[in-house]
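The values are calculated or read from the model by the stated rules, or taken from the named source; none is laboratory data. Note that the structure is a prediction, hence the values are computed from the model and not measured. Using ideal geometry, Cβ is built from the backbone for each residue, glycine included, and neighbour counts are taken over all protein chains shown.
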Amino acid sequence: MADIPIPKNRLNLPETIWWDEGELFLLDQTQLPLAVVGERQDTIEQVSDSIKALKVRGAPAIGVAGAYGLLVGIKNDRQLPVGDFMARVESQAAWLGEARPTAVNLKWGLKRMVEFAKAQTAASSRELYDLLVEEAIRIHDEDRELCRMVGVHGAELIKPGNGVLTHCNAGSLATSEFGTATSPMYVAHQNKVPFKVYADETRPLLQGARLTSWELQQAGIDVTLITDNMAAHLMSQGLIDIVITGTDRTAANGDVANKIGTMGVAILAKHFGIPFYVALPYSTIDFDMPDGKGIPIEERDPEEVTHFGMRRTAPENIQVLSPAFDVTPNELVAGLITERGIIRPPFKENLLREYATKGA
Ligand code: MRU
């Protein structure tokens, strides 16, 4: 098959997800940084597998991929009567929503599509499908703008000469454009503020090494890759002034689930008196989750721990745990950088005041 041309976003980075003439394309992030390869998604099963395999990953990105993925799952049902089509919309959305459990954005994007469909009075399934395409594009465009605004508000936290530590990839690749944790970095860079980023490599799947260091380097940001166990040392040397990470789900009290290892970084930051910030759009807040204890933590294939790349690095039959996320308690969080501004403790009250009372 001919190479798929990959569009670039406003940061001149490859698009993570694109919808072109009725078809869904994803950047295959498992191949980065060695190859920049796009993949067309022909079935909803393929979309689900791509989400599970982390071809598309990061909370906002899987929200957008879910919305478009639903379209892939219902495109062949457009000849059905509207009632039957609507039943397919709901069942396909429920099925795709199970692909990964921790990031709330996947179910959020799908729920938004289903609720939008229910609110329409379309004369035919074809018309309803076309309206759903418009809604998925709106979700995508909105994510671009939300993440850019996270950066507009968060950039003030990065002072000239700062060292910024981040974990995993909450970057352009994890969203539609500016990223969440990286958005203040991109905006500060555009504002010509000099600073350094230290990217944790993020075992076991190396999102920091493969993705964050790659995209920041492409964008001309001063980035240094470290292994996860170097963070405390760098902090003790005074190299880190601020930590910014993303989140897969923020509970109503400000507890934040993010990539495994994030809580350890937050605990270290507290020890060294370094502020730990979490960046997110509203689509990552789960007001139905009172605190972090109920957030489902994805358990991944043990081979991701027993192997480094394709090579086995642990004995056969070893017992393995492979939780993909952990939950950082809100008392370790200095602030939540959102599209509306920086939300400070007490998070429960301030999140409610910012969102629940004014609406999203
Ligand atoms: O398993 P991944 O790569 O999907 O994990 C992603 C993260 O943990 C990100 O930090 C999080 O989704 C925030 S993305 C803006």
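Given the options A232, A279, A266, name the one that is within 20 Å of L206 (Cβ to Cβ) and hydrophobic (A, V, I, L, M, F, W, C). Write out each step before concluding.
On the way: A279 fails: within 20 Å of L206 (Cβ to Cβ); A266 fails: within 20 Å of L206 (Cβ to Cβ).
It is A232.
I need the full set of residues from the range 115-127 which are surrounded by fewer than 21 Cβ atoms within 10 Å (Cβ to Cβ) and not polar (S, T, N, Q), in order please.
Going residue by residue through the range 115-127, those that are surrounded by fewer than 21 Cβ atoms within 10 Å (Cβ to Cβ) are 115-116, 118-124, 126-127.
The answer is E115, F116, K118, A119, A122, A123, R126, E127.
Identify the single condition in (1) within 16 Å of the ligand (Cβ to nearest atom); (2) part of a helix (DSSP H, G or I) that K118 does not satisfy, given that it satisfies every other one.
In the conditions (1) within 16 Å of the ligand (Cβ to nearest atom); (2) part of a helix (DSSP H, G or I), K118 misses (1) alone.
Give just the number: which of (1) on the phi < 0 side of the Ramachandran plot; (2) among the aliphatic types (A, V, I, L, M); (3) crowded, with 17+ Cβ neighbours inside 10 Å does L54 not satisfy?
Result: L54 fails condition (1) only.
Residue by residue through the range 161-172, note down the ones that are more than 18 Å from Q237 (Cα to Cα) and more than 9 Å from the ligand (Cβ to nearest atom).
S172
What residue, among those in the range 176-204 that are in contact with a Lys or Arg (Cβ under 8 Å, 6 or more places away or on another chain) and crowded, with 23+ Cβ neighbours inside 10 Å, is nearest to V333 (Cα to Cα)?
In this case the residue turns out to be S183.
Any idea which residue in the range 323-333 is surrounded by the fewest Cβ atoms within 10 Å (Cβ to Cβ), counting only those that are closer than 15 Å to R300 by Cβ and in contact with a Ser or Thr (Cβ under 9 Å, 6 or more places away or on another chain)? Show your work before the answer.
As a first pass, look at the range 323-333 and keep what is closer than 15 Å to R300 by Cβ: 323-326.
Cutting the leftovers down to in contact with a Ser or Thr (Cβ under 9 Å, 6 or more places away or on another chain) gives us 324-326.
Details: A324: 20, F325: 26, D326: 18.
Looking at the filtered set, the residue picked out is D326.
Residues in the range 287-301: is at least one among the small types (G, A, S), more than 16 Å from the ligand (Cβ to nearest atom) and modelled with pLDDT of 95 or more? Reasoning before the result, please.
Residues of the range 287-301 among the small types (G, A, S): 292, 294.
From what's left, more than 16 Å from the ligand (Cβ to nearest atom): 294.
Retained after the next criterion (residues that are modelled with pLDDT of 95 or more): 294.
Checked the range 287-301: at least one residue is among the small types (G, A, S), more than 16 Å from the ligand (Cβ to nearest atom) and modelled with pLDDT of 95 or more.
Kindly provide the set of residues from the range 234-276 that are in contact with a helix residue (DSSP H, G or I) (Cβ under 8 Å, 6 or more places away or on another chain) and acidic (D, E), ordered by number.
Passing the criteria: D248, D255.
Quick check: anything in the range 91-103 in contact (Cβ under 8 Å) with a residue 12 or more places away in the chain and closer than 14 Å to Y129 by Cβ?
For the range 91-103, residues in contact (Cβ under 8 Å) with a residue 12 or more places away in the chain and closer than 14 Å to Y129 by Cβ: present.
Just the residues that are of a type in the set (G, A, S), more than 21 Å from H167 (Cα to Cα) and part of a helix (DSSP H, G or I), please, taken from the range 276-331.
G294 - this is the single residue of the range 276-331 that is of a type in the set (G, A, S), more than 21 Å from H167 (Cα to Cα) and part of a helix (DSSP H, G or I).
Residue by residue, here is whether (1) away from the ligand (no atom under 16 Å from the Cβ); (2) in the same structural domain as P184 (by TED's automatic domain parsing); (3) of a type in the set (G, A, S) holds:
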site	(1), (2), (3)
S236	yes, yes, yes
A251	no, yes, yes
K259	no, yes, no
M263	no, yes, no
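Looking at (1) away from the ligand (no atom under 15 Å from the Cβ); (2) in contact with a Gly (Cβ under 7 Å, 6 or more places away or on another chain), which is the one condition that is false for W108?
For W108, the failing item is (1).
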